[in-house]
Amino acid sequence: MILPALDEAEAIPQVLTRIPAGYRALVVDNRSTDGTAAVAAQDGARVIAEPRRGFGAACHAGLLAAETDVVCFMDCDGSLDPRELTRVARPVADGRAELCLGARRAEPGAWPHHARIANRVLARELRRRTGAALTDLGPMRAARRHDLLALALRERGSGWPLEMVLSAGAAGWRITEVTVTYKPRVGGRSKISGSLTGTARAVRDMGALLR
């Protein structure tokens, strides 16, 4: 499982202790200043550094470094439960889908209103463009490594998750989703949905891809 990380030293121990059997954490440190890399390594994760800032840059670095057939991606801010990765990965591992997303069932306070609205608009556009019955862009997801590399995704910012789904749809992939729990993050605010500025940056990156 690939965990892109930027200043998540407070949350990452909780995430790593909940990794299901058979999975190994690959933490991609995206120039953290709070000791995230050291904390993750101390807790047994494999850690690599990606000096180029950007969510997509961190995810791509993790994809290149991964060694498993099926790879999973997940935020490591404590908002998602790694124990649910088995449900997200199963449709891919069983050959029923090429990409599976974790559709968030949010607990109170987990999902800011402005971010929820933006996600709803994106999901509607994804349904129109891919034909998949998606309700969420899904920050927890699974696919086969060689398939993802073949997509040759170019986005290195916050639009990377969207480019993956759009490219997968264009390539004729079977895309599905399963419901996962979404909780308030541990410590601080989300770099994307936690502020209007972060959301605006994501809308900019994703809007460019949609155009």
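Bear in mind that the values in this text are calculations on the coordinates, not laboratory data. All values reported here derive from a predicted model rather than from experimental measurement.
The phi torsions of the range 159-176, fed into the Karplus equation with coefficients 6.51, -1.76 and 1.60 and a -60° offset, translate into couplings of x, 4, x, 5, 4, 4, 5, 4, 5, 5, x, 5, 7, x, 5, 7, 10, 9 Hz, rounded to whole numbers, with Gly and Pro shown as x. So how far, in whole Å, is the C-alpha centre of the range 127-154 from the one of the range 69-87? Here the answer is 15 Å between Cα centres. In order along the range 19-31, phi translates into HN-Hα couplings of 5, x, 4, x, 10, 10, 7, 10, 8, 9, 7, 9, 6 Hz, rounded to whole numbers, per the Karplus curve 6.51 cos²θ - 1.76 cosθ + 1.60 with θ = phi - 60° and x for Gly and Pro.
Among DSSP bridges having both ends in the range 2-210, what percentage is antiparallel? Round to the nearest 5.
Numbers: 7 of 24 bridges.
About 30 percent, rounded to the nearest 5.
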